[in-house]
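The numbers here are math on the coordinates, done by the rules we state, and not lab data. For clarity, every value in this text was computed on a predicted model and none was experimentally measured. Cβ atoms come from the backbone with ideal geometry, glycine included; neighbour counts cover every protein chain shown.
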Amino acid sequence: METKRRGDLVINGLGSSNGGQFNEVTLNGKGTVNTDVECTHFDCNGSGTVNGNVTATTAKISGNGKINGTIAGQSLSIDGTAKVQNNVLVKHVKVAGKASIGGKIKSDEIKIRGRITVGGDCEAETFKGESHFTIGGLLNADLIDITIFSDCKVKEIGGQTILIRQKSPLMGFLKPFIQTQLETELIEGDKIEIENTKASVVRGNNVTIGPSCIIGIVEYSGELSMDEKAVVKEIRKT
């Protein structure tokens, strides 16, 4: 009921404002908000900067958005370019553009179809990516479903079901010119199926090592399947 009495903050063109509590915050031009913002809807269509934290039920960045703090809320959609200095604490995250997160991401569901860089950990119940990404910490989710079409790097991967596949090129002659490998130190889960992956250690119950994988050590307790084009230096049955 309180949010119905809040006003809106709209910046068209070049302008700046202090933050506060609002119903809707819309940045259409080159707008700057100088302190924390709490609102129902946050929409950045132009080149917007928030010098503080953003707490919003729904947030959408279609233009070029810079958040010098943390974003928290229910949903975040990035179709343009976004830079978040600290953390993203949002239940549903969708990136179709380009995002740079200085801290960590904690979410229920993450869908990536663009390009994302995360400085810290990335934690979710479901992580689905058809993208180019770099994660400086641990990628942890019950379901991790990745289709790689460019170079991807993550420090460690942990989950219940981990699927890493190579995106098929539209034309066969493009394949030799495109780097399509995921690189990580550790993959650990119950069910693991990977392709085009370079990892120091793969540890799981049922493990499938597909083509173009380069693995240091594979540890498995259930079943192991390996493609003839995979390279595995050491295998351990636990």
### Query
Which shape class, rounded, prolate or oblate, goes with the range 1-92 when its Cα gyration tensor gives a ≥ b ≥ c as root eigenvalues, a/c under 1.5 marks rounded, and past that a/b bigger than b/c marks prolate?
rounded
### Message
Just to be sure I follow: if Rg is taken over the C-alpha atoms of the range 57-138 and Rh is the Kirkwood radius over the same atoms, what is Rg/Rh?
### Response
0.90
### Query
Which shape class, rounded, prolate or oblate, goes with the range 22-159 when its Cα gyration tensor gives a ≥ b ≥ c as root eigenvalues, a/c under 1.5 marks rounded, and past that a/b bigger than b/c marks prolate?
prolate
### Query
If we count every other residue with Cβ under 9 angstrom of residue 95's Cβ, Lys/Arg +1 and Asp/Glu -1, where does the sum land?
+4
### Task
Determine the sum of side-chain charges near residue 188: Lys and Arg each +1, Asp and Glu each -1, restricted to other residues whose C-beta is under 12 angstrom from that of residue 188.
-2
### Task
Quick one: divide the alpha-carbon radius of gyration of the chain by 2.2 N^0.38 Å and tell me what you get.
1.16
### Query
Where the centre of each part is set by its Cα atoms, how far does the range 100-139 sit from the range 51-91, in angstrom?
14 Å
### Query
Is the range 104-238 rounded, prolate or oblate when judged by the Cα gyration tensor, a ≥ b ≥ c being the square roots of its eigenvalues, rounded requiring a/c under 1.5 and prolate requiring a/b larger than b/c?
oblate
### Net charge contributed by nearby residues that have their C-beta within less than 13 Å of residue 12 (K/R +1, D/E -1)
-1
